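FYI, it's all coordinate maths here, none of it is from the lab. Keep in mind it's a predicted model, so treat the numbers as computed, not measured. Note that each Cβ is placed from the backbone with ideal geometry, even for glycine, and that neighbours are counted across all protein chains shown.
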Amino acid sequence: MSVARTLPVLAALALFVVPASAHEVTATRFDAPLPLSLLYLGAAATVAATALLLARANTTDTDERTIITLPASVGAIGRRVLSLGFLAVFTAVLVVGVVGRTSPTNPAVVVFWVLWLKGVLVVAALIGNPWRALSPWRTVHRALESLEGERISGYAYPSWLAAWPATIGFVVVAGVFENLTVLPRSPERTTVLLAAYATAMIGGGVVFGRDWYRHADLFEVFYDLVGRVAPLTARVQDGRLVVTVRRPWTACARPVASPAVVTLVVASVYTVSFDGFTSTPEYQTLALALRDLGAIQTPGLLVYTLGLLAFILVFALTASVVARIVADDARTVALVIAASLLPIAVSYELAHNATHLVENAALLVGALTGTPPVLLAWLSIPAYWTGQVLLVVAGHLVAVAAVHHALTHTYPDRSLRAHAPLVALMVAYTVLSLWILSRPLAT
């Protein structure tokens, strides 16, 4: 059963559901003849069956096909335009955050927390990571190197540090600040955060050189991971800019570099799930119950931290079980299979935040022109929720294909049995994601 054949079946299933919620959509519920439990069972069975068929398949074809070849100068000019343009946007965000109106509709808030964090993610998921061209700290760093006439680097980047600065930065910014604080609604605090982060990035680049950005910049490391899912890639090869098309699981079947990156992948899956969970009645009930205990002043932070540790522990246990099956150490197995979770994180991010991104883009247009366009009035709750279901399940099917190719390539003699614990993990993610999407929004 291929992904192409599976999606129509899922589309038919998704048309018959009961409770539903929509991120940034006003209505929260609609009626349908089939119980939601059947949708969960169908989605889980589809993923499991697809995994079984892929495990028995002999093909490991993950080739890329060139579709466009351009002079390298085209890429260089485009990179220069993007870097200078985004530096101007970043500067404007800092200025507007200080002098603009104090409200959640301040362009600085909308640009950073929505169009930057979520918008660049969408671009990375479609055409690969654009952040090395966009990064304002890299642009400033290149300008400093031009003034010096040589590469700037005081010390070698410590290998033991790996990508831990980026992983910690992701958890703090995308996990805690975005979901559990007032920063996404405060232009002044958003400006302080960006100014502090820019100072840390540029300062680290001066000390450790360009390696600092590759390992420590949360945006560069995270968007680079997201870019593995992209069906299109662009790179300079033999003096020309080559654009290729590939299967979305191709790069997700490749090992990641370090345990820090493994942790970031797991954190990305968990954080977007937690983001959706915070809108459910169950989360509100849990937070109130913890707050009523009296000693817990920040129940949201406690729930986020415990949930993240649980996700990491479950993944580590799964990697350990697979390691026993393939007769390898758990660390190596974790590096091999971690990237296969990326389609899950990206698909749920798109399902959860797509309308949020569109509506805030319209909000920004309205702030600049005085008349915000209405872009989603045509979208019904059933159609929206159906799209969410398709995105989530499609992401899990891509993840299953990715882990199949990763295991087949690394452990060709034992890959079949090694699929079982990973399929169980992915089915659990499927059901959890769909359950979160199905819950009514808590206000």
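Computed over the alpha carbons of region 163-286, Rg followed by Dmax gives 17.3, 59 Å.
Apply the a/c threshold of 1.5 to the C-alpha gyration tensor of region 99-219 and tell me whether it is rounded, prolate or oblate. Prolate, since a/c reaches 1.5 and a/b exceeds b/c. Its Cα gyration tensor gives region 228-330 an equivalent ellipsoid, and the semi-axes of that ellipsoid, as √(5λ) in whole Å with the largest first, are 38, 21, 11. For region 114-218, the relative contact order works out to 39 percent when only alpha carbon pairs closer than 8 Å and six or more residues apart are counted. The mean sequence distance of close C-alpha pairs (under 8 Å, at least 6 residues apart), as a share of the length of region 211-259, puts its relative contact order at 28 percent.
In loop segments of region 151-227 as defined by DSSP, the trypsin sites (Lys or Arg not before Pro) with at most 15 further C-beta atoms inside 10 Å of their C-beta are ARG151.
Ranked for footprinting exposure by Cβ neighbours inside 10 Å, fewest first, TYR429, TYR155 give TYR155, TYR429. Contact order for region 228-340, expressed relative to its length and based on alpha carbon pairs under 8 Å spaced 6+ residues apart, stands at 33 percent.
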